[in-house]
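Taking it in order: structure first as structure tokens, then the write-up.
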Number of protein chains: 2
Amino acid sequence: MLKVIAEDFIRPEHVEAVMPLYRELVRLTREEPQCLAYDLFTDQRQPGHFVFIEEWPDQAALDAHCASEHFRRLVPQIDAFQSKPGTYTLMDAAF
Amino acid sequence: MLKVIAEDFIRPEHVEAVMPLYRELVRLTREEPQCLAYDLFTDQRQPGHFVFIEEWPDQAALDAHCASEHFRRLVPQIDAFQSKPGTYTLMDAAF
């Protein structure tokens with residue numbers, strides 16, 4: 001099992017513009033057969049800081065997600081509103 | 001619902017020493033009546049980077065966790081092995 005935290009930093013004045021893109025990305029990603037969890041959160045203390053918490057069976061499933069039509073179409077549109085590059089953390093259960 | 005990411009940075013040479021403390025912290029926290037989720041992960045690319053993903057009904061439940069006997073006893077023992085201060089992010093579901 002692969003756990004992922006992916007963080008985006010959107011310019012606060014563009015949060016409303018980006019929300020429909022995030023909604024579509026979450027909806028279509030959850031339809032991927034290998035997607036175990038794909039939830040989006042907002043940081044209470046930093047407007048524009050969006051955090052995905054994801055779960056995939058393995059790296060190949062994550063790679064397929066990143067190669068999907070919806071990912072390749074929507075993520076560049078989202079990134080057009082970013083204040084700085086996003087980050088991601090790939091994780092295993094500690095025990 | 002309150003989602004929390006709490007990140008610890010442990011000196012890699014002390015990862016084995018800290019694991020029993022994390023195991024006890026996770027076991028006892030999951031017994032808290034208001035704990036909805038409390039899972040610990042390790043960063044695949046950064047040894048010693050531990051990430052808790054937590055879920056609580058509200059801030060009061062998180063405050064009660066941080067005031068618990070096991071938190072106040074174990075966290076300072078864990079922090080004795082850290083390479084730099086931990087961080088945390090408090091989050092709401094985006095939609």
Quiz prompt | Taking N as its residue count, the alpha carbon Rg of the stretch A:7-90 over 2.2 N^0.38 Å | solution = 1.06
Quiz prompt | Nearest-first distances (nm) between copies at A:Pro20, label 7 Å from Cα via Cβ | solution = 5.8
Self-check item: Reduction of at least 30 Å² in accessible surface, 1.4 Å probe, comparing all protein chains with the chain by itself, residues of the stretch B:60-95
Solution: B:Tyr88, B:Thr89, B:Leu90, B:Met91, B:Asp92, B:Ala94, B:Phe95
Quiz item: Counting only protein heavy atoms and using a 1.4 Å probe, what share of the accessible area of chain B belongs to carbon plus sulfur, as a whole percent?
Solution: 54
Quiz item: Any idea of the total accessible area buried by the B-A contact, 1.4 Å probe, rounded to 100 Å²?
Solution: 2400
Quiz item: Among B:Arg45, B:Arg11, B:Arg73, whose mean-square fluctuation peaks in a Gaussian network model of chain B (Cα, cutoff 10 Å)?
Solution: B:Arg45
Quiz item: What angle, in degrees between 0 and 90 and rounded to the nearest 10, separates the Cα long axis of helix B:15-30 from the longest principal axis of the Cα atoms of chain B?
Solution: 10
Quiz prompt | Theoretical ellipticity at 222 nm over the protein assembly as shown - DSSP helices of four or more residues, -39500 (n - 2.57) apiece, nearest 500 | solution = -11500 deg cm²/dmol
Quiz item: Which residue fluctuates the most in chain B, going by a Gaussian network model with Cα springs under 10 Å, if the choices are B:Gln46, B:Gln34, B:Gln77?
Solution: B:Gln46
Quiz item: Using a Gaussian network model of chain A with C-alpha springs under 10 Å, which one of A:Asp39, A:Asp79, A:Asp58 is most mobile by mean-square fluctuation?
Solution: A:Asp58
Quiz item: When the Kirkwood hydrodynamic radius is evaluated over all pairs of different C-alpha atoms of the protein assembly as shown, what value in angstrom, to one decimal, is obtained?
Solution: 17.6
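The values are calculated or read from the model by the stated rules, or taken from the named source; none is laboratory data. Fair warning: this is a prediction, and the values are worked out from it, not measured in the lab. Don't worry about glycine lacking a Cβ; one is built from the backbone with ideal geometry, like all the others, and counts go over all protein chains shown. These area figures cover heavy atoms from the full protein model, side chains too; ligands, DNA and RNA do not enter into them. Shrake-Rupley method; radii C 1.70, N 1.55, O 1.52, S 1.80 Å.
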